Amino acid sequence: MLKLTSLNKTFSKQSALTDITTEFPENQTTVLVGPSGAGKSTLLRSLNFLERPESGQYEFNEINIDLSKPIANKTILSVRRQTEMVFQEYNLFPHLTVLKNVMEGPVQVLKQNKNKARIEALELLKKVGLGDKADSYPNQLSGGQAQRVAIARSLAMHPDYILLDEPTSALDPELELEVLKVLLQIAKEKQSMIIVTHNLEFARQVADKVIFIEKGCILYDGEVEPFFNSENKRIKDFVSAMTFSSIA
Amino acid sequence: MLKLTSLNKTFSKQSALTDITTEFPENQTTVLVGPSGAGKSTLLRSLNFLERPESGQYEFNEINIDLSKPIANKTILSVRRQTEMVFQEYNLFPHLTVLKNVMEGPVQVLKQNKNKARIEALELLKKVGLGDKADSYPNQLSGGQAQRVAIARSLAMHPDYILLDEPTSALDPELELEVLKVLLQIAKEKQSMIIVTHNLEFARQVADKVIFIEKGCILYDGEVEPFFNSENKRIKDFVSAMTFSSIA
Amino acid sequence: GSSNKSSSSKSTYKSELVNKGTLTVGLEGAFKPYSYRQNGKLVGFEVDLSRDIAKKLGLKVKFEPTKWDSLIAGVGSGKFDAALNNITVTPERQKTYRFSTPYINSQYVLVTRKGDNSIKGINDIKGKRLVEGTGSDNAAIAKKYGATVVPNGDFPTTLQMLKQKRGEATINSLGSWLVYAKDNSTAGLKYQKLDPEKVPVAKVAALLNKKSPKLQKKISQAIKDLKADGTLTKLSKKYFGADINN
Amino acid sequence: MWQIITNSFPQLLAAGLKYTIPLTLISFVLGLILALITALVRLSNQKGFFYIVKAIFRFYVWLFRSTPLLVQLFIVFFGLPYLKIKGIFPDGIKLEPMTAGIITFSLNTGAYCSETIRASILSIPEGQWEAAYSIGMTRAQALRRIILPQALRVSLPPLSNSFIGLVKDTSLAASITIVEMFEVSQQIAAENYQPLIMYSLVALIYAIFCTVLSWLQGYLEKVTSRYISANGGGNV
Amino acid sequence: MWQIITNSFPQLLAAGLKYTIPLTLISFVLGLILALITALVRLSNQKGFFYIVKAIFRFYVWLFRSTPLLVQLFIVFFGLPYLKIKGIFPDGIKLEPMTAGIITFSLNTGAYCSETIRASILSIPEGQWEAAYSIGMTRAQALRRIILPQALRVSLPPLSNSFIGLVKDTSLAASITIVEMFEVSQQIAAENYQPLIMYSLVALIYAIFCTVLSWLQGYLEKVTSRYISANGGGNV
Ligand SMILES: Nc1ncnc2c1ncn2[C@@H]1O[C@H](COP(=O)(O)OP(=O)(O)OP(=O)(O)O)[C@@H](O)[C@H]1O
Ligand SMILES: Nc1ncnc2c1ncn2[C@@H]1O[C@H](COP(=O)(O)OP(=O)(O)OP(=O)(O)O)[C@@H](O)[C@H]1O
Ligand SMILES: [Mg+2]
Ligand SMILES: [Mg+2]
């Protein structure tokens, strides 16, 4: 269970997240939506300590952190080992082959046996449909393939949570489809995930829970269908922009 | 009128465009669609001589070019002055203010009077909804704003054709909406445009004509509604990927 | 002097000059007492001597201070008319260059540390480290007697190196030593004159280009005249504190 | 010791102002122009006869980067007089010391900086060229108005490295009879027999020159980067 | 002339192999290590006491970049013996010529290369650090496994510029009594009075060394860039 209480984050003087209190249920997929600049990425990155919130309570399994106090390096490393980030720009390691990208975490961080790690990495690559690309370098992949490698890389760490920040927004519709299919599959296997996405159709299908953020505040936090059918003016406007039905 | 006959383009050994014969009617909007790697960008860039096809006939107003022969530099410059490209990555000039970006072409290339150019540039910026951003630098803009500046920059050249290569694919849905609205407005004013897009809803609303390319060949070239309601298996699959209705 | 007054200007020494009406002299300018800088002005034995020679020849004088290698190259490629830089006449050098009449007969000294009794004479330097300027005759002598040459540029640094035990001895001209010792401490060091039988006195002369035979004669004559009228002795006393030619 | 310093400081400074600074400034400006030309020639993709021109420039860069500057000075000053060409230079090419110095330092700077400029032009995204071409600019217009202003920002740090290096390299000019600052310090040291103090003093003056140049670099970096404001998100 | 060349070539080469090459190689390796440490210290964002450490490294870089290398050599070799510290160095610090040379060249190389390395580390996208942190790597692991291998590729050209520069700068070692290649050429020139020929000859040998280094650079660039294949579209 991952739980936040009264989390706050400001950049220099500008407030990016205000009094965020919510939880991300285990074995479920939580979808984060909201307009550009709302604070979605900041929230996701805070969960992995890529951003450092100034105050609030952070609960994660047995770990309980008061964010207003200094956090031990060990604690940060331990949280990071149990949560994996998948970025919009993939951020694969360009100097390592696809296989090595997936093995890097297990071997270097979890100190797994190399052979064991290789076998599992190959399995994961097969799972995301890239069994034949193990020896390619990242720049030989299409965007959709690269993002599937990034997903395999995060799965290899057996994380409690996978955090995905607009994993398909750099992709064409057909490449997006490849990736979304893989994510739906993983969601079905009860992997806990938190996904930021602008793809309405996908959000609807994958989400167990929706959080809608605007200007750093949570405006909606709850079930899926009530959100998409909301009568709230702001939510309605947002949902319709996501479907392009109101262009003209 | 812009017309291609039997145009061919290969990269090293790989063929990117094969025997392209089509025309782009004046005062209309032509939409180019097709899967990734189909050759859409290559076709658009060939129209502006950013790519150099090896053979074919290129007709543009009174100009008539045999692509298999060397083309005079003067001819290329003249075509480029009458066609403007809008790129996916905006490609604004980062060292110039927004106003200077729009004025650069008229002043440097068309040798317009500076004051006249400034007045028109400000008008165009107002038209795309950025009257107040004239003195900003490009990196102070959101993606949607940047792309609208790029559109204003192309309009300032009073081109016969504007060529747009996935103008909104780097944008969030809400920012995309800003840009698409501007483009719909321009289309209404009978500006000739050729647009590559993956946005089905927008394509449907803006297009006077659709060209569908796959593997460098034209598979469909004609009216709009028949395309979206086509019974052709390949077209049907493609259209449904564009609508995300077939994920699971 | 040239007795044939009717000879065309083409063949006079003046046509051999690098710059019309000027004697262009190359020297290091960083070599006391031969040429160095005092209160911003170039002074020294060879600076004064060049002026006097030029006066005798009816020429203006121009100095070009530069590095040792550049002196040689400069005379060779016609950048200077002559180089006056305590250069010793050797048969080797005479193959490619001309020399004037010598203006110094320079005696050598061997400088060692006080208390170091292992070097009693020139024959003892075999296998020792001798600190000498690159390309100097001192270095050549040291090598000839079997010493290891440690290269170094200037005299004060050389003496410093002896004190810092970075070398055991140095050979240099008596003149250099005397001038340094005049107003600097030489505590911890001692010197001995080298036997002229073993190390012949160096004949120091102006170095000229092979293509300047007439100028060579003219300069040699001027030096002879300066010797005869006592100017050379006067200069020697001024800069070395003694007449080093005797 | 204090007296040595006050005595020699004005002389050193005078030599610096008379030779070191002009030599550095003129050579750097000329070198930069040469570097730009070289970079453009080597980047051009023209074919045919032009290939020979490119090969010549490539050779030039190789030659001046892989031989010692001192030797280059020596050969230009002392070597060229031997180069007698009938009709053009019957007496060989004799250059004044300052001329020879400026030529050599410019050629040397040009060779090194051409690599810097070449790399900085290559670092500007292809899209900037395409956007410039798209509004109908010629290659020359695109370079002058769009590419070079951006490349300048990228190349400023390595170029000022070269500049700072050149300040100190001018001390080699002494070998071609130019009495620059370092040579003066050695000439004075020959008189007062205090090379260590003189060396430290001249090093101090170099450090002052170089520090001023670093400030200038910092200022120019700020000016040329003013369009990259801190609050920007990088949407270009 | 031919005889001069065949006579002196072996001597020059011997000096090159005995002094120039070891001096260059050892100093460059040590300088590189120092440069890496300096770059990391200056990039670290630790606060408090560490600020002083950073200031010291900044001073070091400034000092060695803005004073002439010759003066640095001179002070380390001739100046340090005057530095008498009771208890530790009662007789001053007296270094062997090679030791002094290696120390000075390393410090100088370290100062220049630290700037190169710093820039190359900064050029690696932030996302690479974040991806490394995300799989739970420590800062040291991220550096060693992810950042430095990529930074190496970026910094190879400027680093080999410094390397090639160092080859030629070792000629200054003559001023601290090391009989390196250039010094040998001058000694021979002093005998045969043919400095132009000797200089050209030694320049040729330098050019050979530098050309070999350029090849090595080209090879390393290829190896470290093998993951950037020509057919890739750059999706990283
Ligand atoms: N490093 C930073 N420094 C300063 N401000 C920042 C920084 N990162 C984000 N912000 C600001 O914080 C706010 C939230 O940004 P965030 O990136 O979290 O939005 P988002 O919801 O992810 O938007 P998008 O959909 O565009 O990715 C914005 O106003 C943004 O400008
Ligand atoms: N500069 C190039 N060199 C070699 N091949 C190229 C180059 N540019 C494009 N191609 C190839 O040409 C084909 C068509 O590419 P193009 O970019 O036109 O596709 P596209 O339809 O625009 O795709 P997308 O939707 O991904 O932008 C592809 O196979 C591509 O790999
Ligand atoms: Mg975001
Ligand atoms: Mg495309």
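The values are calculated or read from the model by the stated rules, or taken from the named source; none is laboratory data. Predicted model, so just to flag it, every value in this text is computed and none were measured. With ideal geometry, Cβ positions are generated from the backbone for all residues, glycine too; neighbour counts draw on all protein chains shown. For accessibility, only protein heavy atoms count, side chains too; no ligands or nucleic acids. Shrake-Rupley method; radii C 1.70, N 1.55, O 1.52, S 1.80 Å.
The figures follow:
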quantity: For B:K3, label point 7 Å along C-beta direction: distances to other copies, nm; calculated: 7.4
quantity: Cα centre as origin, Lys/Arg/Asp/Glu Cβ charges: region A:90-158 dipole, Debye; calculated: 140 debye
quantity: Positive minus negative residues near D:Q46 (Lys, Arg vs Asp, Glu; Cβ under 12 Å); calculated: +4
quantity: Cα-based convex hull volume of region A:17-132 per residue, rounded to whole Å³; calculated: 156 Å³
quantity: Residue-by-residue Karplus 3J(HN,Hα) for region C:74-80, coefficients 6.51, -1.76, 1.60, Hz, glycine and proline x; calculated: x, 5, x, 9, x, 8, 10
quantity: Förster radius 22 Å - calculated FRET efficiency between D:I88 and D:A55, Cβ distance, rounded to 0.05; calculated: 0.40
quantity: Derived scalar couplings ³J(HN,Hα) [region A:88-98; Karplus, 6.51 cos²θ - 1.76 cosθ + 1.60; whole Hz; x for Gly, Pro]; calculated: 4, 8, 6, 6, 5, 7, x, 8, 10, 5, 3
quantity: At q = 0.09 Å⁻¹, base-10 log of I(q)/I(0) for region D:2-230 (Debye sum, equal scatterers on each alpha carbon); calculated: -0.49
quantity: Å² per residue, accessible surface of region E:2-230 at 1.4 Å; calculated: 44 Å²
quantity: B:M85 long-range amide H proximity, modeled H, under 5 Å; calculated: B:L163
quantity: Nearest-20 debye value, the protein assembly as shown charge dipole, Cβ charges on Lys, Arg, Asp, Glu; calculated: 6360 debye
quantity: Computed [θ] at 222 nm, helices only, for chain E once each DSSP H run of length n ≥ 4 contributes -39500 (n - 2.57); calculated: -23000 deg cm²/dmol
quantity: Heavy-atom SASA rank of C:D183, E:D91 (probe 1.4 Å, accessible area, largest first); calculated: E:D91, C:D183
quantity: Interatomic Cα distance distribution for chain A, bins of 10 angstrom, percent; calculated: 7, 30, 35, 22, 6, 0
quantity: Nearest-10 value in Å² for the accessible area of E:Y133, using the 1.4 Å probe; calculated: 50 Å²
quantity: Percentage relative contact order, chain D, counting C-alpha pairs under 8 Å, at least six apart; calculated: 28 percent
quantity: For the axis carrying chain B to chain A: nearest C-beta residue of B, whole Å; calculated: B:A170, 4
quantity: Relative contact order %, chain A, counting alpha carbon pairs below 8 Å whose residues are six or more apart; calculated: 26 percent
quantity: Accessible-area ranking of D:F50, D:F182, largest first, probe 1.4 Å; calculated: D:F50, D:F182
quantity: Distance (nanometres) between label positions extended 7 Å along Cα→Cβ at B:N61 and D:T99; calculated: 5.4 nm
quantity: Label-to-label distance, nm, for residues given as A:E54 and B:I119 (7 Å Cα→Cβ offset); calculated: 5.0 nm
quantity: Length-normalised contact order of chain C in % [C-alpha pairs under 8 Å, at least 6 apart]; calculated: 27 percent
quantity: D:L25/D:L63 FRET efficiency (R0 25 Å; Cβ-Cβ; nearest 0.05); calculated: 0.55
quantity: Rotation relating E and D, chain D residue nearest the axis via C-beta, angstrom; calculated: D:P158, 3
quantity: Cα-centred dipole magnitude for region D:2-230, charges only on beta-carbon of K, R (+1) and D, E (-1), debye, nearest 20; calculated: 860 debye
quantity: Area projected by the alpha carbon convex hull of region B:155-248, averaged over all directions, nm²; calculated: 7.4 nm²
quantity: Teacher prompt: D:K47 distances to equivalent labels in other copies, 7 Å Cα→Cβ, nm; calculated: 6.3
quantity: Per-selection Rg to Rh, region A:90-158 - Cα, Kirkwood hydrodynamic radius; calculated: 0.92
quantity: Surface share of carbon and sulfur [accessible, 1.4 angstrom probe, percent] for the protein assembly as shown; calculated: 57 percent
quantity: Region B:113-171 versus region E:125-186: alpha-carbon centroid distance in Å; calculated: 44 Å
quantity: Å² per residue, accessible surface of chain C at 1.4 Å; calculated: 43 Å²
quantity: Summed buried accessible surface, chains E and A, 1.4 Å probe, nearest 100 Å²; calculated: 2500 Å²
quantity: For region E:2-230, with +1 on Lys and Arg beta carbons and -1 on Asp and Glu, the positive-most of E:G136, E:L73, E:L148 along the dipole; calculated: E:G136
quantity: Amide hydrogen neighbours beyond the local backbone of C:N209, cut-off 5 Å, H modeled; calculated: C:R98
quantity: Of D:I56, D:M181, D:V167, farthest towards positive along the dipole that unit charges on Lys, Arg, Asp, Glu beta carbons give chain D; calculated: D:I56
quantity: Candidates A:I63, A:I162, A:I235, ranked by Gaussian network fluctuation over chain A, Cα under 10 Å, top entry; calculated: A:I63
quantity: Listed residue (B:V109, D:V223, D:I93) projecting farthest to the positive dipole end of the protein assembly as shown, Cβ model; calculated: D:I93
quantity: Added length on full extension, which subtracts the Cα-Cα distance from 0.36 nm per residue, A:R204 to A:S240; calculated: 11.6 nm
quantity: Accessible area (Å², 1.4 Å probe, nearest 10) - D:R65; calculated: 40 Å²
quantity: B:V182 accessible area, assembled protein chains, probe 1.4 Å, Å²; calculated: 20 Å²
quantity: Copy-to-copy label separations for E:G87, where each label sits 7 Å from Cα toward Cβ, in nm and ascending; calculated: 8.0
quantity: Accessible surface ranking that places the most exposed of C:K32, B:K127 first, with a 1.4 angstrom probe; calculated: B:K127, C:K32
quantity: Of the DSSP H helices in chain E, those whose Cα atoms cover at least 15 Å axially and whose Kyte score averages 1.6 or more; calculated: E:21-43
quantity: Cross-link pairs beyond the 28 Å C-alpha cut-off, checked among C:K79/C:K128; C:K14/C:K224; B:K9/B:K100; D:K54/E:K18; calculated: C:K79/C:K128; B:K9/B:K100; D:K54/E:K18
quantity: Amide H partners (placed H, <5 Å) of A:T21, local residues excluded; calculated: A:S6, A:L7
quantity: Karplus-derived 3J(HN,Hα), 6.51/-1.76/1.60, for each residue of region A:226-237, Hz, glycine and proline x; calculated: x, 5, 6, 9, 4, 9, 3, 4, 5, 5, 4, 4
quantity: Span from the region B:184-248 Cα centroid across to the region B:28-65 one, whole angstrom; calculated: 17 Å
quantity: Shielding score for E:180-193, defined as the mean number of other chain Cβ atoms within 10 Å; calculated: 5
quantity: Under 14 Å from the C:T186 label point (7 Å along Cα→beta-carbon), backbone N, region C:220-246; calculated: C:240-242
quantity: Rule-of-thumb Rg ratio for the protein assembly as shown [Cα; 2.2 N^0.38 Å; N residues]; calculated: 1.18
